[in-house]
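In what follows, a structure is listed as structure tokens, so that the remarks can point back to it.
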Amino acid sequence: VNEVPMTLLGKPQLPANTYRDFENYIRANAGKLNIAHAGLGSASHICGLMWQHAVKLNESMTTIPFGGTAPAMTNLIGGQVDVMCDQTTNTTSQIEAKKVKPYGVTTLKRLTTPALKDIPTLDESGLKNFQVTIWHGLYAPKGTPAAVQQKLNTALKAALKDPEFIKKQEGLGAVVVTDKRVEPAEHKKFVQSEVARFGPAIKAAGIYAD
């Protein structure tokens, strides 16, 4: 259906103003800072794991799980936690209101959403080829008749061309999928490739959602 970029955020009190200063600050304060997420296996948890794995900071920060994005964001804004990585659909309004410090987006190209367009990508900040997007798909129970699956897929394709839907998604920093992944078989291949990509960071962390 869509792909949603992630944003790497810091509490407003952090002294670092650029990503490079931010990473250096964390290294200089190893063991003293924490990273929040919205719950075990959540998008923000996976993004944080991927980022820590990429910069080899797994042991440098204490992970603090919350029961959803809202309490995690509230604590980030209030300065009770230091860092969080979460979807643009959850963070754009907080970034726009300057309630948090954004240090990077997780796409290879800068976003065009007005509130996010000036935030550098982590790739351009030195984490080459770092890319984490959260995607949403449409699913039916196993055993659903092929004819029903086809009808659902046809309806989905029509919905994805709705200008109003596209506009609302873009306003949140999300990108509506228009490539071959809108086909069931291609989406299945994509899911398998994502499992292979995210797997190493999750296994390295040794923490799993049942």
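The values are calculated or read from the model by the stated rules, or taken from the named source; none is laboratory data. A quick note: this is a predicted structure, and the numbers were derived from the prediction, not measured. Here the Cβ positions follow ideal geometry from the backbone for every residue, glycine too, while neighbour counts run over all protein chains shown. Just the protein is used for accessible areas: all its heavy atoms, side chains included, with ligands, DNA and RNA removed. Shrake-Rupley method; radii C 1.70, N 1.55, O 1.52, S 1.80 Å.
Below, the figures for the structure above:
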{"read-out": "Residue order for 82, 21 - accessible surface, 1.4 angstrom probe, largest first", "value": "21, 82"}
{"read-out": "Three-way shape label, the stretch 1-101, alpha-carbon gyration tensor, a/c 1.5", "value": "rounded"}
{"read-out": "Computed E for residue 30/residue 193 - FRET, C-beta separation, R0 35 angstrom, nearest 0.05", "value": "0.55"}
{"read-out": "Length added when fully stretched, residue 77-residue 3, from 0.36 nm per residue minus Cα-Cα", "value": "24.1 nm"}
{"read-out": "For the stretch 52-179, with +1 on Lys and Arg beta carbons and -1 on Asp and Glu, the positive-most of 62, 83, 112 along the dipole", "value": "112"}
{"read-out": "From the C-alpha gyration tensor of the stretch 28-158, square roots of 5λ in Å", "value": "31, 18, 16"}
{"read-out": "Peptide ranges 140-146, 122-128 listed from the most packed, as the mean C-beta count within 10 angstrom indicates", "value": "122-128, 140-146"}
{"read-out": "Nearest-ten-degree value, helix 69-78 long axis tilted from longest Cα axis of the chain", "value": "20 degrees"}
{"read-out": "Exposure of residue 96 as accessible area (Å², to 10), given a probe of 1.4 Å and all protein chains", "value": "130 Å²"}
{"read-out": "Summed side-chain charge close to residue 132 - residues other than residue 132 whose Cβ falls under 12 Å, Lys, Arg +1, Asp, Glu -1", "value": "-3"}
{"read-out": "Contour excess over end-to-end distance, with Cα ends at residue 139 and residue 16 and 0.36 nm allotted per residue", "value": "40.1 nm"}
{"read-out": "For the stretch 59-110: rounded, prolate or oblate by the Cα gyration tensor [a/c cutoff 1.5]", "value": "oblate"}
{"read-out": "Proximal lysine pairs, the stretch 61-162, alpha carbons under 29 Å, eight or more residues apart or interchain", "value": "20"}
{"read-out": "Relative contact order (%) - the chain, alpha-carbon pairs under 8 angstrom, separation at least six", "value": "29 percent"}
{"read-out": "Whole-number D in µm²/s for the stretch 84-157 (Stokes-Einstein; Kirkwood sum over Cα pairs; 37 °C, 0.692 mPa s)", "value": "220 µm²/s"}
